[in-house]
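S.K.: Right, I'll just put the structure down here and ask away after.
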Amino acid sequence: MTDCMIEICGLTKMYKSKTAVRNADLKIYRGEIVGIIGRNGAGKSTLLKMIGGLVYPTSGELHFFNRAAAGEQSFFERMGVLIENPGLYPNVSAYENLNLLAMAYGLGDRNAAIEKLLQLVGLDSKNTAKVKSYSMGMRQRLGIAVALLGSPDVLILDEPINGLDPQGIVEIRQLILELNTAGLTILISSHILEELSKIATKYVIIHQGEFIEVLSREELQQRCEERIELGVEEARAALPVLERELNITKYKVVDSRTVYVYDENIHIRQIVKVLSEQGIMIDSIAKHKQSLEQYFLERTESAGERHD
Ligand SMILES: Nc1ncnc2c1ncn2[C@@H]1O[C@H](COP(=O)(O)OP(=O)(O)OP(=O)(O)O)[C@@H](O)[C@H]1O
Ligand SMILES: [Mg+2]
């Protein structure tokens, strides 16, 4: 995954005096599923629109596939975009929707391409029902098929799970994973971290237009993993005791006075007992358990409010 597909540097979008996205930096590598997570109005759609070429940045740079974007329209064409509502024709079938667009794009061998796409997103090409009768989940699938029409390398999905029922969520998630396995790099936004946690390989927390954290799946898991946070005078002295007396092997030394213990079978009182028996003073000890949503809320709350 060393192949950089998109790089954004200092990307900013202002609507009059309102800054929707401020000074965003990010590198997106081939094969990643990047989850953009933020509350309503955080700037998710604006960011994705800039990357997808639907709105023009006020300042900053966008580089595609290691080359400058300026004047390189073809790079936008290698991107499939589904932002807000898919622009579907309500009075024709799914097949006909794709056919009309494929004609507009000038695609050759349309029939085979459309059959394949509909199969990929789990829609029946023989279904002649008009799209206006479709459920939300079916529309979302068709929207994804539309975004995939030009065989893009990168797929941008703005809140594709929004408004779907639990079954629909599972299905779209599954589809996204399949598309990723088939080689697509994917950017996806949501206001619920939990929804992205099952698929994204990288997380960008955006709050009031600013990236407040970019972290890998492993880093996020680690932050939310249950642990005992131990404060001692000297971690170096406590560790051999914990290893020897309690067989603790899963731990992390955070700094010279703080150790995190990741062992569900160990109780706080056992640690207190063995350390005090060895004459090691404990400054603090507490269990730490946080859900993904708590983590997200805490991060965005601590970032505070910006007024401009
Ligand atoms: N066309 C526009 N004109 C003026 N302001 C806009 C425009 N589009 C977005 N904004 C403002 O920019 C900020 C970011 O909006 P954006 O739609 O990107 O947020 P979002 O994270 O996608 O929110 P949501 O979860 O509600 O979809 C908001 O304060 C919004 O009001
Ligand atoms: Mg939005």
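S.K.: Residues of the range 214-227 being open to solvent by 30 Å² or more (accessible area, probe 1.4 Å) and not hydroxyl-bearing (Ser, Thr, Tyr), which ones?
M.R.: If we filter the range 214-227 for residues that are open to solvent by 30 Å² or more (accessible area, probe 1.4 Å), which is where we start, we get 214, 216-219, 221-223, 225-226.
Across the range 214-227, the qualifying residues are VAL214, ARG217, GLU218, GLU219, GLN221, GLN222, ARG223, GLU225, GLU226.
S.K.: If I ask for residues that are more than 16 Å from ligand 1 (Cβ to nearest atom), open to solvent by less than 10 Å² (accessible area, probe 1.4 Å) and either within 11 Å of ILE33 (Cβ to Cβ) or not in a helix (DSSP H, G or I) (or both), which ones from the range 152-199 would you list?
M.R.: Result: VAL154, LEU155, ILE176, LEU179, THR185, ILE186, ILE199.
S.K.: Residue check: is LEU230 assigned to a strand (DSSP E or B) and open to solvent by less than 50 Å² (accessible area, probe 1.4 Å)?
M.R.: Values: assigned to a strand (DSSP E or B): yes; open to solvent by less than 50 Å² (accessible area, probe 1.4 Å): yes.
Criteria met by LEU230.
S.K.: Can you tell me which residue in the range 200-221 is nearest to ligand 2 (Cβ to nearest atom), limited to those that are assigned to a helix (DSSP H, G or I) and without any contact (Cβ under 8 Å) to a residue 24 or more places away in the chain? Give the derivation first.
M.R.: First, the residues of the range 200-221 that are assigned to a helix (DSSP H, G or I): 217-221.
Now narrow it down to the ones that are without any contact (Cβ under 8 Å) to a residue 24 or more places away in the chain: 217-219, 221.
Details: ARG217: 23, GLU218: 27, GLU219: 25, GLN221: 26 Å.
Taking the candidates together, the pick is ARG217.
S.K.: Okay, next question. Taking the range 254-301, which residues are of a type in the set (D, E, K, R) and farther than 30 Å from ARG39 by Cβ? So that I can check it myself, show each step before the final result.
M.R.: Within the range 254-301, the subset of a type in the set (D, E, K, R) is 255, 257, 263-264, 269, 273, 277, 283, 287, 289, 293, 298-299, 301.
ASP255, ARG257, ASP263, GLU264, ARG269, LYS273, GLU277, ASP283 - these are the residues of the range 254-301 that are of a type in the set (D, E, K, R) and farther than 30 Å from ARG39 by Cβ.
S.K.: Restricting the search to the range 32-41, which residues are among the hydrophobic types (A, V, I, L, M, F, W, C) and away from ligand 1 (no atom under 11 Å from the Cβ)? Explain how you work it out, then say what you get.
M.R.: Taking the range 32-41 as the starting set, the residues that turn out to be among the hydrophobic types (A, V, I, L, M, F, W, C) are 33-34, 36-37.
Within the range 32-41, ILE33, VAL34 qualify.
S.K.: Is it true that ASN40 is at pLDDT 95 or above, surrounded by fewer than 17 Cβ atoms within 10 Å (Cβ to Cβ) and of a type outside the set (Gly, Ala, Ser)?
M.R.: Values: at pLDDT 95 or above: no; surrounded by fewer than 17 Cβ atoms within 10 Å (Cβ to Cβ): yes; of a type outside the set (Gly, Ala, Ser): yes.
No, not satisfied.
S.K.: Among (1) at pLDDT 90 or above; (2) farther than 20 Å from ALA200 by Cβ, there is one condition GLY150 misses while meeting the rest; what is its number?
M.R.: (1)
S.K.: Does the range 131-141 include one or more residues that are open to solvent by 30 Å² or more (accessible area, probe 1.4 Å), assigned to a loop (DSSP other than H, G, I, E, B) and within 16 Å of ligand 1 (Cβ to nearest atom)?
M.R.: The answer is no, given that none of the residues of the range 131-141 is open to solvent by 30 Å² or more (accessible area, probe 1.4 Å), assigned to a loop (DSSP other than H, G, I, E, B) and within 16 Å of ligand 1 (Cβ to nearest atom).
S.K.: Now, a different point. Which ones in the range 82-98 are open to solvent by 30 Å² or more (accessible area, probe 1.4 Å), over 16 Å from PRO152 (Cβ atoms) and not hydrophobic (A, V, I, L, M, F, W, C)? Break it down stepwise before answering.
M.R.: Looking only at the range 82-98, we keep the residues that are open to solvent by 30 Å² or more (accessible area, probe 1.4 Å), and these are 84-92, 95-96.
Adding the requirement that they be over 16 Å from PRO152 (Cβ atoms) leaves 84-85, 87-92, 95-96.
If the condition is that a residue be open to solvent by 30 Å² or more (accessible area, probe 1.4 Å), over 16 Å from PRO152 (Cβ atoms) and not hydrophobic (A, V, I, L, M, F, W, C), then GLU84, ASN85, GLY87, TYR89, PRO90, ASN91, TYR95, GLU96 are the ones that fit.
S.K.: Within the range 241-271, restricting attention to residues that are in a helix (DSSP H, G or I) and open to solvent by less than 60 Å² (accessible area, probe 1.4 Å), which residue is nearest to LEU196 (Cα to Cα)? Reasoning before the result, please.
M.R.: Restricting attention to the range 241-271, the residues satisfying the condition of being in a helix (DSSP H, G or I) are 241-246, 268-271.
Among the residues that remain, those that are also open to solvent by less than 60 Å² (accessible area, probe 1.4 Å) are: 241-242, 246, 268, 271.
On the way: VAL241: 40, LEU242: 36, LEU246: 36, ILE268: 32, ILE271: 36 Å.
The extreme case among them is ILE268.
S.K.: From the list LEU82, LEU118, pick out the single residue that is among the aliphatic types (A, V, I, L, M), within 16 Å of ligand 2 (Cβ to nearest atom) and touching an Asp or Glu at 6+ places or on another chain (Cβ under 8 Å).
M.R.: On the way: LEU118 fails: within 16 Å of ligand 2 (Cβ to nearest atom).
That would be LEU82, the only listed residue that is among the aliphatic types (A, V, I, L, M), within 16 Å of ligand 2 (Cβ to nearest atom) and touching an Asp or Glu at 6+ places or on another chain (Cβ under 8 Å).
S.K.: Where the second residue is basic (Lys, Arg) and the first is more than 25 Å from ASN162 (Cβ to Cβ) and lies in the range 75-104, which pairs have Cβ atoms under 8 Å and are six or more apart or on separate chains?
M.R.: PHE75/ARG67; ASN99/ARG110; ALA102/ARG110; MET103/ARG110
S.K.: So, in the range 272-308, exactly how many residues are open to solvent by less than 100 Å² (accessible area, probe 1.4 Å) and either modelled with pLDDT of 90 or more or part of a loop (DSSP other than H, G, I, E, B) (or both)?
M.R.: Qualifying residue count, the range 272-308: 16.
S.K.: Take SER125 and decide whether it is within 16 Å of ligand 1 (Cβ to nearest atom) and touching a residue at least 24 places away in the same chain (Cβ under 8 Å). Reasoning before the result, please.
M.R.: On the way: within 16 Å of ligand 1 (Cβ to nearest atom): no; touching a residue at least 24 places away in the same chain (Cβ under 8 Å): yes.
Here the answer is no, as SER125 does not meet what is asked.
S.K.: Output the qualifying pairs, or none if there are none: Cβ atoms under 6 angstrom, residues six or more apart or on different chains, first residue in the range 1-13 and over 30 Å from GLY41 (Cβ atoms) and at pLDDT below 90, second residue open to solvent by 60 Å² or more (accessible area, probe 1.4 Å) and of a type in the set (Lys, Arg).
M.R.: ASP3/ARG30
S.K.: Give LYS202, LYS116 a once-over and let me know the one that is open to solvent by 10 Å² or more (accessible area, probe 1.4 Å), over 22 Å from ILE51 (Cβ atoms) and either in the same structural domain as ILE51 (by TED's automatic domain parsing) or within 16 Å of ligand 1 (Cβ to nearest atom) (or both).
M.R.: Numbers: LYS202 fails: over 22 Å from ILE51 (Cβ atoms).
When all the criteria are applied, what remains is LYS116.
S.K.: Restricting the range 13-31 to residues that are away from ligand 1 (no atom under 12 Å from the Cβ) and of a type outside the set (Lys, Arg), which is surrounded by the most Cβ atoms within 10 Å (Cβ to Cβ)?
M.R.: Kept after step one, since they are away from ligand 1 (no atom under 12 Å from the Cβ), are these residues of the range 13-31: 23, 25-31.
After this cut, where a residue has to be of a type outside the set (Lys, Arg) as well, the list is 23, 25-26, 28-29, 31.
Details: ASN23: 14, ASP25: 13, LEU26: 18, ILE28: 21, TYR29: 16, GLY31: 15.
Filtering first and then ranking leaves ILE28.
The values are calculated or read from the model by the stated rules, or taken from the named source; none is laboratory data. Because the structure is predicted, anything quoted here is derived from the model rather than measured. A quick note on method: Cβ atoms are made from the backbone with ideal geometry, for glycine too, and the neighbour counts reach across all protein chains shown. Remember, those area values only see protein heavy atoms, side chains included, never the ligands or the DNA or RNA. Shrake-Rupley method; radii C 1.70, N 1.55, O 1.52, S 1.80 Å.
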